[in-house]
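Chemist: One structure, as structure tokens, below. Some questions next.
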Amino acid sequence: MTDLTQGIVTKSTGSWYQVLDPESGRQIRCRIRGVFRLRGSRTTNPVVVGDRVRVETGAAEGENVITEILPRRNYIIRRASNLSKESHIIAANIDVAYLVVTLDRPVTSTEFIDRFLVTAEAYRVPTVLLLNKIDLFAAPEYREAIDSFVEIYRGAGYEVLEISAAAGIGVDALRERMRGKTSLFTGHSGVGKSTLINAIQPGLGLKTGAISDYHHKGKHTTTFSEIFPLDGGGLLIDTPGIKGFGLIDIAPDELARYFPDLFRRAPECQYYNCTHTHEPNCAVMAAVARGEIAESRYVSYLKMLEDDDKEGKYRK
């Protein structure tokens, strides 16, 4: 048998895994050893897209086995919809995550965005917001809403790019900045993620879905996370559309540090362990009152502290 020391998992269906050998460019279909399933893992998926793994190859396709997962640099994780487990890892070893959002058809809620950003901060994944379908909001009356969104998140410390996959606005620049990097794309169904990926890498032919006229929500077109090599160098991770984003393993007393805009103000608070909810001389609450921290960001923080996932709203 031959070891592939730096194989990268490019697709996971739950029972079979596709592993890319970077040296030869060959894709190897593998299974995993049962030991991964017996370690009391708290995740629904022991091996994830983006994992660097060692593979033992056999004479037949069914004999290829993933024997080891190399240490992960980072990953994106969320609360699992499968209640028998605690979490689901979306992908690992990411250079930059692109969260695709839209102001309408469908609306991406700021709470969903903030939950994703908190997780990305906690697990050390740099994130850029892609405000897609910008061509649909060319009328002057929409400019205020766009500017408000951009101001909130740039003020919080995040990069926001205005793009349109359909009209090609910003696509070339986005493709160039992805060169040589492992980039994850995620967001709600219907935000135009697949259309954008098809524009970035022509020829992939990913399925795109229509928007429901009744619910103004997208229909799932991606079933499994998958990595695609880019012509200009680098890897693109496509993920299924996400309805909600439940936090996992983030303690209430650590939450504020994953809001960069709140964390910058925290040293000015009277109490070193200020929760920014009721304490006197709280610099964070004062900054919110002055409009220096967006109220929507502070509301998201409070909701996460309350852990309003009791009915599973953010599991799905």
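The values are calculated or read from the model by the stated rules, or taken from the named source; none is laboratory data. Keep in mind that what you see is a predicted model, and the values were worked out from it rather than measured. Every residue, glycine among them, receives a Cβ derived from its backbone with ideal geometry; neighbour counts consider all protein chains shown. Protein only, heavy atoms only, side chains kept; ligands, DNA and RNA dropped before computing areas. Shrake-Rupley method; radii C 1.70, N 1.55, O 1.52, S 1.80 Å.
Chemist: Sorted from largest down, what three extents in whole angstroms do the Cα atoms of segment 104-192 have along their principal axes?
Modeler: 38, 29, 25
Chemist: Residue by residue, what Karplus-based ³J(HN,Hα) values in Hz, rounded to whole numbers, does segment 116-121 have, using 6.51, -1.76 and 1.60 with θ = phi - 60° and x for Gly and Pro?
Modeler: 5, 5, 4, 5, 4, 5
Chemist: Rounded to the nearest angstrom and ordered from largest down, what semi-axes does the equivalent ellipsoid of segment 63-140 get from its C-alpha gyration tensor (root of 5λ)?
Modeler: On the way: eigenvalues 192, 47, 33 Å².
That gives 31, 15, 13 Å for the three semi-axes.
Chemist: Now, a different point. Between THR67 and ARG264, how many nm apart are label points set 7 Å from Cα along the C-beta direction?
Modeler: In this crude label model, THR67 to ARG264 measures out at 5.0 nm.
Chemist: Please work out how much length the chain gains when fully extended from SER15 to ALA138, using 0.36 nm per residue of separation minus the C-alpha to C-alpha distance, in nm with one decimal.
Modeler: Residue separation times 0.36 nm, minus the Cα-Cα distance, leaves 39.7 nm.
Chemist: Continuing with the same structure: Amide H to amide H under 5 Å from ILE90: which residues, 5+ apart in sequence or cross-chain, H placed 1.01 Å off N in plane?
Modeler: Residues meeting the amide H criterion: ILE76, ILE77, ARG78.
Chemist: Strictly over 26 Å apart at the Cα level, which of LYS133/LYS243; LYS11/LYS303; LYS11/LYS243 would you flag in this model?
Modeler: LYS11/LYS303
Chemist: If you don't mind, there's one more thing I want to ask. Averaged per residue, what accessible area in Å² does segment 42-146 show with a 1.4 Å probe, protein chains only?
Modeler: So segment 42-146 comes to 39 Å² accessible per residue, rounded to a whole number.
Chemist: Right, next: May I ask you to order 280-286, 193-199 by the average number of other C-beta atoms within 10 Å around their residues, highest value first?
Modeler: Most protected by this proxy first, the peptides run 193-199, 280-286.
Chemist: Let me ask something additional. In whole Hz, with x marking every Gly and Pro, tabulate ³J(HN,Hα) for segment 165-175 from phi via Karplus 6.51 cos²θ - 1.76 cosθ + 1.60, θ = phi - 60°.
Modeler: 5, 5, 8, x, 6, x, 5, 4, 5, 5, 4
Chemist: Further question on the same structure: When the Karplus curve 6.51 cos²θ - 1.76 cosθ + 1.60 is applied with θ = phi - 60°, which whole-Hz ³J(HN,Hα) does each residue of segment 270-275 get, with x for Gly and Pro?
Modeler: For segment 270-275, the Karplus curve yields 5, 10, 5, 9, 4, 8 Hz.
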